[in-house]
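Participant: This is the structure I have questions about; it appears just below.
The values are calculated or read from the model by the stated rules, or taken from the named source; none is laboratory data. None of these values were measured; they are calculated from a predicted model. Every residue, glycine as well, gets a Cβ built from its backbone with ideal geometry; the counts of neighbours run over all protein chains shown.
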Ligand SMILES: [Zn+2]
Ligand SMILES: [Zn+2]
């Protein structure tokens, strides 16, 4: 009989842990749903890091070589590009310092400083709200996942 009551008390503990976990998840889920609703009301936003990742995908940074690329001038800072400097060559074949172009794309427009050719698709540019990004958007979702995994980790330790 002792083992039976022990079993029930164990079951009781397990139930309490599961219910509290369930409640926590419901709270977190509701919070994230509210956040998503609020965000989609404005339009979804990408951070500067994500924005620059798209730039990198479209026009990867390369090391400048005078031999293969010819003498080039960066139209943003108006100086000649030196051997080995990090540059981006856009689809329109215009070349700029990587840092100069990234700064331009963040502060001004998502177009080539020389010929205004589009550097990124419109839907990505629309998502990048320059004012919002300067305030700083932190990945609150990642924080939430971390919290959940920490909680699960703790309770799993308790079971074993
Ligand atoms: Zn430059
Ligand atoms: Zn161009």
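Participant: Among the candidates 116, 53, 31, 88, single out the residue that is out of contact with any strand residue (DSSP E or B) (no Cβ under 8 Å at 6 or more places or on another chain) and farther than 30 Å from residue 149 by Cα.
Facilitator: Values: 53 fails: farther than 30 Å from residue 149 by Cα; 31 fails: farther than 30 Å from residue 149 by Cα; 88 fails: out of contact with any strand residue (DSSP E or B) (no Cβ under 8 Å at 6 or more places or on another chain).
On inspection, the qualifying residue turns out to be 116.
Participant: Please count how many residues of region 91-109 are assigned to a loop (DSSP other than H, G, I, E, B) and touching a helix residue (DSSP H, G or I) at 6+ places or on another chain (Cβ under 8 Å). Can you show your working first?
Facilitator: Step one: of region 91-109, the residues assigned to a loop (DSSP other than H, G, I, E, B) are 91-94, 108-109.
Within this subset, residues satisfying the condition of being touching a helix residue (DSSP H, G or I) at 6+ places or on another chain (Cβ under 8 Å) are 91.
The total comes to 1.
Participant: While we're looking at this one, here's another question. Among the residues of region 51-85, write down those that are in contact (Cβ under 8 Å) with a residue 24 or more places away in the chain and more than 16 Å from ligand 1 (Cβ to nearest atom). Steps first, please.
Facilitator: The initial filter retains those residues of region 51-85 that are in contact (Cβ under 8 Å) with a residue 24 or more places away in the chain, namely 51-52, 54-55, 58-64, 69, 74-76.
Once the filter is applied, which keeps residues that are in contact (Cβ under 8 Å) with a residue 24 or more places away in the chain and more than 16 Å from ligand 1 (Cβ to nearest atom), region 51-85 yields 51, 52, 54, 58, 60.
Participant: Would you say residue 66 is modelled with pLDDT of 90 or more, assigned by TED's automatic domain parsing to the domain that holds residue 93 and over 25 Å from the mean Cα position of the chain (by Cα)? Before the answer, list the steps.
Facilitator: Numbers: modelled with pLDDT of 90 or more: yes; assigned by TED's automatic domain parsing to the domain that holds residue 93: yes; over 25 Å from the mean Cα position of the chain (by Cα): yes.
Spelling it out, residue 66 is indeed modelled with pLDDT of 90 or more, assigned by TED's automatic domain parsing to the domain that holds residue 93 and over 25 Å from the mean Cα position of the chain (by Cα).
Participant: Would a scan of region 8-16 turn up a residue that is assigned by TED's automatic domain parsing to the domain that holds residue 127 and either in a helix (DSSP H, G or I) or touching a helix residue (DSSP H, G or I) at 6+ places or on another chain (Cβ under 6 Å) (or both)? Break it down stepwise before answering.
Facilitator: So in region 8-16, the residues assigned by TED's automatic domain parsing to the domain that holds residue 127 come out as none.
Checking region 8-16: not a single residue is assigned by TED's automatic domain parsing to the domain that holds residue 127 and either in a helix (DSSP H, G or I) or touching a helix residue (DSSP H, G or I) at 6+ places or on another chain (Cβ under 6 Å) (or both).
Participant: Among the numbered criteria (1) modelled with pLDDT under 95; (2) within 16 Å of ligand 1 (Cβ to nearest atom); (3) surrounded by 14 or more Cβ atoms within 10 Å (Cβ to Cβ), which single criterion is violated by residue 137?
Facilitator: (2)
Participant: Read through the list (1) surrounded by fewer than 12 Cβ atoms within 10 Å (Cβ to Cβ); (2) part of a loop (DSSP other than H, G, I, E, B); (3) at pLDDT below 90, then give the number of the only condition that residue 116 fails.
Facilitator: Residue 116 satisfies all of (1) surrounded by fewer than 12 Cβ atoms within 10 Å (Cβ to Cβ); (2) part of a loop (DSSP other than H, G, I, E, B); (3) at pLDDT below 90 except (3).
Participant: I've got another one for you. Report the residue count in region 56-69 for those that are touching a strand residue (DSSP E or B) at 6+ places or on another chain (Cβ under 9 Å) and in a loop (DSSP other than H, G, I, E, B).
Facilitator: The qualifying residues number 3.
Participant: Going by what's in this entry, would residue 90 be described as touching a residue at least 24 places away in the same chain (Cβ under 8 Å) and within 10 Å of ligand 1 (Cβ to nearest atom)? Step through it out loud before you land on a result.
Facilitator: Values: touching a residue at least 24 places away in the same chain (Cβ under 8 Å): yes; within 10 Å of ligand 1 (Cβ to nearest atom): no.
The answer is no for residue 90.
Participant: Quick check on residue 22: is it at pLDDT 90 or above and over 26 Å from residue 129 (Cβ atoms)?
Facilitator: The answer is yes for residue 22.
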